[in-house]
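Reading through the structure tokens given below for one structure.
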């Protein structure tokens, strides 16, 4: 195995042109029209810089009220508009509790979701960066929430300030609004608990790296406070020169204004600096005609067979590790929130939340493109013409390194009001929920292309990575800023009525008016430079819940959701801007039962998700988009969470997904599977208390192969991954924990999409010491 190269020192500001020199060039150029003089300044800047980041320690700590299964079970939602117990909620809900987070020693939202079935992850790319889960076959990048409030920022969500992570699958647009086609992910913030404690966790990893977490709380009369803090500096194991430095602080305070009125304020600051990892691209892909479906490019393996990512060593990373134009991502996120809750004498509870988010991102990654031969002549790839590639030796292949600087500033302001009331109407009892939402989101993005993957200066052998002779290649291309402003006004109402102890029914309605203004002055056609779109969307969910026994439920639910054209803040052209939202319907039926004295929760569900007006590209004109497709996912999901015995805990799940494009005028897509939709997904985590002091645990995850694009011409292979842990309570206040990840050193891809696949880390370990007083 090649020796791991050391990264460039992250603290030398002279090495990072983003906040200083680059921003000066970018912002100065954005203030005036793009000219040859501006490009000359940028080019000169490039050539110049080219020369020159509970009160007792009982493993684990449980802080979620109502969890009964040793900290694995969650019995209720944390979102005010979902007030009924999870047992009575007609949809699949997975909760990664604090105990699971601590036992697995996961540090990000993405890592926490690895043990939730039915989820894959897209690789960060271009105009959509940051966390990118795909749930039940549908993109959920825009369906990330914190405390039930949308969290649109492009960043990696660290869990230093999170109590748990919830995944709401099935029809739930009533609660979350647009999107949520496959589901929504909600991170729950750690807030004051009215207890006095200090907990510190120090973790060293074989990356190598170190991480320090702090969590402390206290109470003073009618005021409770809490604060979390984080610092980490970690190399990504088995990935040369990839590293992440992250820091943060999250104070919060809760005030008991009266017996009926409570107020809570919180602030989260998270900063990050690191070398972005965009992995590798694929072998030359085949292509089929969208008009006839006939094979037009046989691809690397011939006969139109789908291809794998480039088979190169896992340690290979193709970026620039040092210097003023090194690969770098920096994010700064601020989240300020104020809640006030009042309970009236008649039992009505009203919660109002106001939140402001500011997320700033600077990124200079290297993306692999344009695979070619030893003479740097490009192979045919998909519909892009070039030389034949059939059977060409991989060790002689070359590949281009595309390098683009992007700066993105994103703000989000929202005010949400929820009311919950319980009404006894004699023959039935109602749980009524209603509310209003007002949101405004802005995004400004700048871009500068500095390395053309076709340029010889930006190319390398795919196996033996050549150092960059220059971190630039070709004439730099400076783009004008792209601006997005989106507003949403929503009202919602829900009634879950209990007819008897055996039967409940649910009716939920939501109306959204979602408006977007998108300005992209870089468009060639004037008609595409200023685009607007307003959509009125009525979402619904209907359900029946039966209770054969007090500890079980059977349910069926039907609902819809919408994906407007500007859902992710982008309108590609006037054709897209003229399209109504895609509409998806979801039908789910399932059973939930608590067994073993309610210590263990068993769940099972069957479902169908169908997008009846899939947005497609016209096969005769790729500048025109239409709503003329149907995509469907049929699935099964099973789960077991809680304690089998007093010492044995289990967190397990299985999903089976069958996806298909049922209708599409593009014959190269018709009948294909949806990308990032593995048919089989197994997740299993279990711990056993050998003694009151000693706990052992092990876990496994499996995903069958998944296609990387809708034409199914590239894929990533199936994998099994195994993890293990052991913890020992050294004293009543201190616990030592060892985690070993990917024990068998499996080579698999943690993230993937149509152009990139990112290898996961090989075998590595972490050792943590947690102290609580």
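The values are calculated or read from the model by the stated rules, or taken from the named source; none is laboratory data. In this text, all values refer to a predicted model and were calculated from it rather than measured experimentally. Neighbour counts run over all protein chains shown; Cβ positions are idealised from the backbone, glycine included.
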**OP:** Answer yes if at least one residue in segment 626-642 is at pLDDT 95 or above and touching a helix residue (DSSP H, G or I) at 6+ places or on another chain (Cβ under 6 Å), and no otherwise.
**Re:** no
**OP:** With the condition kept exactly as written, say whether any residue in segment 215-226 is buried (at least 23 other Cβ atoms within 10 Å of the Cβ), within 23 Å of the chain's Cα centre (by Cα) and part of a strand (DSSP E or B).
**Re:** no
Original post:
How many residues are in contact with a strand residue (DSSP E or B) (Cβ under 6 Å, 6 or more places away or on another chain) and either assigned to a loop (DSSP other than H, G, I, E, B) or on the phi > 0 side of the Ramachandran plot (or both) if we restrict to segment 324-348?
Top reply: 3
**OP:** Out of the residues in segment 181-193 that are over 19 Å from residue 112 (Cα atoms) and either at pLDDT 95 or above or out of contact with any strand residue (DSSP E or B) (no Cβ under 7 Å at 6 or more places or on another chain) (or both), state the one that is surrounded by the most Cβ atoms within 10 Å (Cβ to Cβ).
**Re:** 191
**OP:** Report yes if residue 513 is closer than 30 Å to residue 602 by Cβ, part of a strand (DSSP E or B) and under 26 Å from the mean Cα position of the chain (by Cα), otherwise no.
**Re:** no
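Residues that are more than 24 Å from the chain's Cα centre (by Cα): list the strands (runs of 3 or more DSSP E) wholly contained in segment 678-773 that include at least 2 such residues. Reasoning before the result, please.
Numbers: elements: 680-689, 694-703, 719-731, 734-741, 749-752, 757-759, 764-772.
Once the strands (runs of 3 or more DSSP E) in segment 678-773 are filtered for at least 2 residues that are more than 24 Å from the chain's Cα centre (by Cα), what remains is 680-689, 694-703, 719-731, 734-741, 764-772.
Keeping to segment 194-214, report how many residues are in a loop (DSSP other than H, G, I, E, B) and surrounded by 19 or more Cβ atoms within 10 Å (Cβ to Cβ).
Looking only at that region, the number is 1.
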Original post:
Within segment 583-595, is there a residue that is closer than 16 Å to residue 92 by Cβ and either touching a helix residue (DSSP H, G or I) at 6+ places or on another chain (Cβ under 8 Å) or at pLDDT below 95 (or both)?
Top reply: yes
Original post:
Does residue 321 satisfy the criteria of being touching a strand residue (DSSP E or B) at 6+ places or on another chain (Cβ under 7 Å), under 21 Å from residue 404 (Cβ atoms) and assigned to a loop (DSSP other than H, G, I, E, B)?
Top reply: no
**OP:** Would you be able to say whether some residue in segment 280-289 is more than 30 Å from residue 82 (Cα to Cα) and either at pLDDT below 95 or surrounded by fewer than 17 Cβ atoms within 10 Å (Cβ to Cβ) (or both)?
**Re:** yes
Original post:
Looking only at segment 448-478, which residues are in contact with a helix residue (DSSP H, G or I) (Cβ under 9 Å, 6 or more places away or on another chain) and either surrounded by fewer than 20 Cβ atoms within 10 Å (Cβ to Cβ) or over 23 Å from residue 321 (Cα atoms) (or both)?
Top reply: 461, 463, 464, 469, 470, 474, 475, 477, 478
**OP:** Return a yes/no flag: does segment 566-578 have any residue that is within 29 Å of residue 653 (Cα to Cα) and either crowded, with 21+ Cβ neighbours inside 10 Å or in contact with a helix residue (DSSP H, G or I) (Cβ under 9 Å, 6 or more places away or on another chain) (or both).
**Re:** no
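Look at residue 713 and say whether it is modelled with pLDDT of 95 or more, more than 22 Å from residue 96 (Cα to Cα), crowded, with 18+ Cβ neighbours inside 10 Å and in contact with a strand residue (DSSP E or B) (Cβ under 6 Å, 6 or more places away or on another chain).
Here the answer is no, as residue 713 does not meet what is asked.
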Subject >> Failed condition for residue 328, given (1) modelled with pLDDT under 95; (2) buried (at least 23 other Cβ atoms within 10 Å of the Cβ) >> reply: (1)
Original post:
Can you pull out the residues in segment 641-669 that are under 30 Å from residue 707 (Cβ atoms) and not in a strand (DSSP E or B)?
Top reply: 664, 665, 666, 667, 668, 669
**OP:** Output yes when any residue across segment 188-210 is touching a helix residue (DSSP H, G or I) at 6+ places or on another chain (Cβ under 7 Å) and under 30 Å from residue 764 (Cα atoms), and no when none is.
**Re:** no
Subject >> The one condition in (1) in a loop (DSSP other than H, G, I, E, B); (2) at pLDDT 95 or above; (3) touching a strand residue (DSSP E or B) at 6+ places or on another chain (Cβ under 6 Å) that residue 569 fails to fulfil >> reply: (2)
**OP:** State whether the residues of segment 364-377 include one that is closer than 30 Å to residue 244 by Cα and over 28 Å from the mean Cα position of the chain (by Cα).
**Re:** yes
**OP:** Sort through 482, 507 and tell me the only one that's under 30 Å from residue 175 (Cβ atoms) and modelled with pLDDT of 95 or more.
**Re:** 507
Original post:
Are there any strands (runs of 3 or more DSSP E) wholly within segment 385-463 with 1 or more residues that are over 28 Å from residue 276 (Cβ atoms) and touching a strand residue (DSSP E or B) at 6+ places or on another chain (Cβ under 7 Å), and if so which?
Top reply: 398-424, 429-451
